[in-house]
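What follows is a short report on a single structure.
The values are calculated or read from the model by the stated rules, or taken from the named source; none is laboratory data. Given the structure is predicted, the values throughout are model-derived calculations rather than measurements. Cβ sites come from the backbone with ideal geometry, for glycine too, and all protein chains shown count toward neighbours. Protein only, heavy atoms only, side chains kept; ligands, DNA and RNA dropped before computing areas. Shrake-Rupley method; radii C 1.70, N 1.55, O 1.52, S 1.80 Å.
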Amino acid sequence: MILKSILIQDLRNIEQANIEFNNRFNIIYGENGSGKTSLLEGIYLLSSGKSFRTSNTNKIVKQGTDCFTLFGRTTQPIEATIGLQKSSKQKTIKINGEAQNSAVNLAKSLPALIVTQDSHKLIDSGPQIRREFLDWGLFHVEHNFFNVWRAYRKLLKQRNSALSLKSSKSELDAWNISLAEIGETYSKYRRNYIDELSPYFQEYSSLLLNGQSFNLKYKKGWPKELNLLKCLSSHYERDIITGRTEYGPHRADFLITQDETDCKDRISRGQQKLLVYSLYLSQIAYVKNTVGTDTLLLLDDLGSELDLKHAKKLLKLLQERFTQVCITTANLESLPLEQLQDVKLFHVKHGTFESTN
């Protein structure tokens with residue numbers, strides 16, 4: 001999908017902004033605190049119903065107002081409208097004028113990924129963020145994935161509830177069978193996704209990191225010598241003590257390896273940033289090649305994240321292989337814009353946006 005325009009009202013320091021985007025590159029520049037990241041936050045909210053900056057969306061309503069409103073228009077392959085309004089009491093989502101019960105369809109209507117200054121956590125933080133990375137991709141390429149994901153979460157919650165009530169081993173058998181069946185399917189989806197994503201990651205990491213070879217390795221979340229049903233049954237005593245299910249896809253992870261070794265603690269911060277970009281570019285390219293869907297890429301404060309040499313490499317890749325990109329920077333001169341064609345510039349000051357070309 002291509003985001004054609006967005007209307008933002010009362011989001012952080014943006015009282016009202018109506019922005020028409022370029023189909024390829026959109027560069028948003030201005031001083032820190034001017035509203036650059038708030039624009040990306042608005043786009044991301046419109047694509048997911050969530051903020052990447054806070055879990056409490058009540059905090060992002062402009063001071064002195066009751067709610068924020070977002071309205072976007074998309075095009076290619078079809079034109080659509082997306083609306084999101086959020087107050088402290090209510091969230092309203094509409095797609096093509098029709099009310100939605102959840103934010104799920106936002107992601108289908110406007111797929112978007114963001115790389116921020118905190119995106120290094122994809123590599124050096126706990127596995128939850130990496131599981132979310134895998135599930136975002138699976139949501140877009142595997143037709144039945146959302147149903148499997150939802151069923152697994154429901155069954156896991158029910159089994160954990162039974163554990164907290166100290167249910168007997170025989171009483172847990174029914175939960176074990178159901179959870180294992182759906183969990184094996186869930187894990188198979190993820191393993192296949194990693195297997196198919198890996199060649200893309202090898203290519204993009206090699207291009208950004210001077211020919212170095214990196215790979216992805218999936219860890220399913222329980223001992224590899226056991227099937228999930230046997231694992232759940234054999235760890236009853238431990239689960240009863242902790243009151244939660246110790247093993248399953250909710251414990252899965254993936255590693256970035258080099259020469260068959262986890263490279264998490266062997267790479268520099270600069271390499272880490274480039275590997276994060278490689279992961280996101282790989283995911284966008286894989287989704288595009290698998291289901292034909294374009295993903296809007298949001299890059300926050302790119303000028304401070306990469307040195308000039310690597311920024312040139314990244315922008316060259318984006319120009320050659322990717323579609324719509326929004327980039328923010330506090331210093332326009334820090335970006336090698338000569339690498340790009342078809343660029344629209346926006347200057348932002350005090351939450352007001354002005355096209356400058």
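Provide a single number: the residues in the stretch 31-65 that are in contact (Cβ under 8 Å) with a residue 24 or more places away in the chain, of a type outside the set (A, V, I, L, M, F, W, C) and open to solvent by 20 Å² or more (accessible area, probe 1.4 Å).
10
Inspect all residues belonging to the stretch 140-162 and state whether any of them is closer than 30 Å to SER268 by Cα and at pLDDT 95 or above.
The answer is no, given that none of the residues of the stretch 140-162 is closer than 30 Å to SER268 by Cα and at pLDDT 95 or above.
Name the residue that is least open to solvent (accessible area, probe 1.4 Å), counting only residues in the stretch 9-30 that are in contact (Cβ under 8 Å) with a residue 60 or more places away in the chain, in contact with a Leu (Cβ under 6 Å, 6 or more places away or on another chain) and under 22 Å from ALA107 (Cα atoms).
Looking at the filtered set, the residue picked out is PHE25.
Cβ-Cβ distance below 6 Å, separation of 6 or more or different chains: which pairs start in the stretch 212-237 with a residue that is part of a strand (DSSP E or B) and end on one that is open to solvent by 40 Å² or more (accessible area, probe 1.4 Å)?
TYR218/ARG191
Name the residues in the stretch 332-352 that are closer than 24 Å to GLU15 by Cα and open to solvent by 20 Å² or more (accessible area, probe 1.4 Å), would you?
Matches in the stretch 332-352: LYS344, LEU345, HIS347, LYS349, HIS350, THR352.
Looking at this structure, is ILE95 open to solvent by less than 80 Å² (accessible area, probe 1.4 Å), within 20 Å of LEU296 (Cα to Cα), in contact with a strand residue (DSSP E or B) (Cβ under 9 Å, 6 or more places away or on another chain) and of a type in the set (A, V, I, L, M, F, W, C)?
yes
Quick one: which of PHE346, PHE254 is in a strand (DSSP E or B), more than 30 Å from GLU79 (Cα to Cα), modelled with pLDDT of 95 or more and not hydroxyl-bearing (Ser, Thr, Tyr)?
Result of the check over PHE346, PHE254: PHE254.
Do we have any residue at all in the stretch 275-285 that's under 18 Å from the mean Cα position of the chain (by Cα), in a helix (DSSP H, G or I), modelled with pLDDT of 95 or more and of a type in the set (Phe, Trp, Tyr)?
yes
Only one of PRO223, PRO249 is touching a helix residue (DSSP H, G or I) at 6+ places or on another chain (Cβ under 8 Å) and either among the charged types (D, E, K, R) or crowded, with 17+ Cβ neighbours inside 10 Å (or both). Can you tell me which?
PRO249
Considering only residues that are open to solvent by 10 Å² or more (accessible area, probe 1.4 Å) and modelled with pLDDT under 95, which ones fall in the stretch 299-316?
Matches in the stretch 299-316: ASP301, GLY303, SER304, GLU305, LEU306, ASP307, LEU308, LYS309, HIS310, LYS312, LYS313, LYS316.
Among the numbered criteria (1) closer than 20 Å to SER278 by Cβ; (2) in contact (Cβ under 8 Å) with a residue 40 or more places away in the chain; (3) open to solvent by 40 Å² or more (accessible area, probe 1.4 Å); (4) not in a helix (DSSP H, G or I), which single criterion is violated by GLU196?
Exception for GLU196: condition (4).
Could you say whether any residue in the stretch 153-163 is of a type outside the set (Gly, Ala, Ser), over 29 Å from ASN192 (Cβ atoms) and loosely packed, with under 15 Cβ neighbours inside 10 Å?
The answer is no, given that none of the residues of the stretch 153-163 is of a type outside the set (Gly, Ala, Ser), over 29 Å from ASN192 (Cβ atoms) and loosely packed, with under 15 Cβ neighbours inside 10 Å.
Being touching a Cys at 6+ places or on another chain (Cβ under 9 Å) and among the polar types (S, T, N, Q) is the filter here, so list the residues in the stretch 23-47 that pass it.
ASN26
Residue-by-condition table, conditions (1) farther than 26 Å from VAL61 by Cβ; (2) free of Cβ contacts under 8 Å to residues at least 24 places away in the same chain; (3) more than 13 Å from the chain's Cα centre (by Cα); (4) open to solvent by 30 Å² or more (accessible area, probe 1.4 Å):
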{"site": "GLY83", "(1), (2), (3), (4)": "no, yes, yes, no"}
{"site": "GLN100", "(1), (2), (3), (4)": "no, yes, yes, yes"}
{"site": "VAL104", "(1), (2), (3), (4)": "no, no, yes, yes"}
{"site": "ILE123", "(1), (2), (3), (4)": "yes, no, yes, no"}
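Out of LYS264, LYS230, which single residue is at pLDDT below 95, among the basic types (Lys, Arg) and open to solvent by 40 Å² or more (accessible area, probe 1.4 Å)?
LYS264
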